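Participant: I have a structure I would like to understand better, so I am pasting it below and will then ask my questions one at a time.
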Amino acid sequence: MTDIRFWTCLLFLALTACSHPLEPGDSQNAVFQDGIVYTLTLNKTTYTVRDTLSGTFSVVNQSVIIRSFAFSNVQQYGYRLRDQGGLVCMDGPNIVNPALSSFELGPGQRRAYDLHLLLRNHAGTWMIPGRYTFEIFLSDGNYPSVSVQITIL
């Protein structure tokens, strides 16, 4: 029985030990760091110019200890939309009023953020058609970013 648990744990770690490479059309990507899995799941990867980018960013504690996350803002995640040349075309959050916030995750616990973002920059201009990389991350600290390729038609 111990051998089965050992091999099951080893297989799980091998499958989640790093981010998996993105394939065109993948609407999900995950990064594993320090016992935490950061996952970005988008509803789709092809959008029209006036669509809303929708999905979920989740943080799951797969370690055996309680993990604390502290932020200098109530907005606990940030995001960037980069064009093929790496230029940031859209980003957030716009911090208006800084305020401390935090959360803790016990072993196996999950924190999820629903995403509903208009594909417009801060000037209100819609993104032009093309291929982009959408990346998201916890806003304070040394947390990894998770990215998914999208196309705007």
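Participant: With the checklist (1) of a type outside the set (D, E, K, R); (2) within 14 Å of the chain's Cα centre (by Cα); (3) over 30 Å from residue 65 (Cβ atoms) in hand, flag the one item residue 119 doesn't pass.
Facilitator: Against the list (1) of a type outside the set (D, E, K, R); (2) within 14 Å of the chain's Cα centre (by Cα); (3) over 30 Å from residue 65 (Cβ atoms), residue 119 comes up short only on (2).
Participant: Next question. Just give me the residues in the stretch 102-145 being of a type in the set (S, T, N, Q), under 21 Å from residue 39 (Cα atoms) and at pLDDT below 95, in sequence order. Don't jump to the end; show me each part of the working.
Facilitator: Residues of the stretch 102-145 of a type in the set (S, T, N, Q): 102, 109, 121, 125, 133, 139, 142, 145.
Going one step further and asking which of them are under 21 Å from residue 39 (Cα atoms), we end up with 102, 109, 133, 139, 142, 145.
Those that are of a type in the set (S, T, N, Q), under 21 Å from residue 39 (Cα atoms) and at pLDDT below 95: 102, 139, 142.
Participant: So, one more: Somewhere in the stretch 52-70, is a residue closer than 17 Å to residue 151 by Cβ and either among the β-branched types (Val, Ile, Thr) or modelled with pLDDT under 95 (or both)? First the steps, then the outcome.
Facilitator: First, the residues of the stretch 52-70 that are closer than 17 Å to residue 151 by Cβ: 52-55.
Narrowing further to those that are either among the β-branched types (Val, Ile, Thr) or modelled with pLDDT under 95 (or both): 52.
Yes, the stretch 52-70 has at least one match.
Participant: Go through the stretch 125-141 and report how many residues are among the polar types (S, T, N, Q), closer than 22 Å to residue 56 by Cα and assigned to a loop (DSSP other than H, G, I, E, B).
Facilitator: Going residue by residue through the stretch 125-141, those that are among the polar types (S, T, N, Q) are 125, 133, 139.
Now drop any that are not closer than 22 Å to residue 56 by Cα, which leaves 133, 139.
If we keep only those that are assigned to a loop (DSSP other than H, G, I, E, B) too, we end up with 139.
Count: 1.
Participant: Moving on. Please specify each residue of the stretch 49-71 satisfying the condition of being in a loop (DSSP other than H, G, I, E, B), of a type outside the set (Gly, Ala, Ser) and surrounded by 12 or more Cβ atoms within 10 Å (Cβ to Cβ).
Facilitator: Of all residues in the stretch 49-71, those in a loop (DSSP other than H, G, I, E, B) come to 49-51, 62-66.
Checking the rest, the ones that are also of a type outside the set (Gly, Ala, Ser) come to 49-51, 62, 64-66.
Of everything in the stretch 49-71, those that are in a loop (DSSP other than H, G, I, E, B), of a type outside the set (Gly, Ala, Ser) and surrounded by 12 or more Cβ atoms within 10 Å (Cβ to Cβ) turn out to be 49, 51, 62.
For (1) polar (S, T, N, Q); (2) more than 16 Å from residue 28 (Cβ to Cβ), each residue gets a yes or a no:
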{"site": "57", "(1), (2)": "no, no"}
{"site": "94", "(1), (2)": "yes, yes"}
{"site": "120", "(1), (2)": "no, yes"}
{"site": "136", "(1), (2)": "no, no"}
{"site": "143", "(1), (2)": "no, yes"}
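Participant: Of all residues in the stretch 21-77, which are under 14 Å from residue 111 (Cα atoms) and free of Cβ contacts under 8 Å to residues at least 12 places away in the same chain?
Facilitator: none
The values are calculated or read from the model by the stated rules, or taken from the named source; none is laboratory data. What you see is a predicted model; the values in this text were computed from it and never measured. Here Cβ is always computed from backbone atoms with ideal geometry, including for glycine, and neighbour counts include all displayed protein chains.
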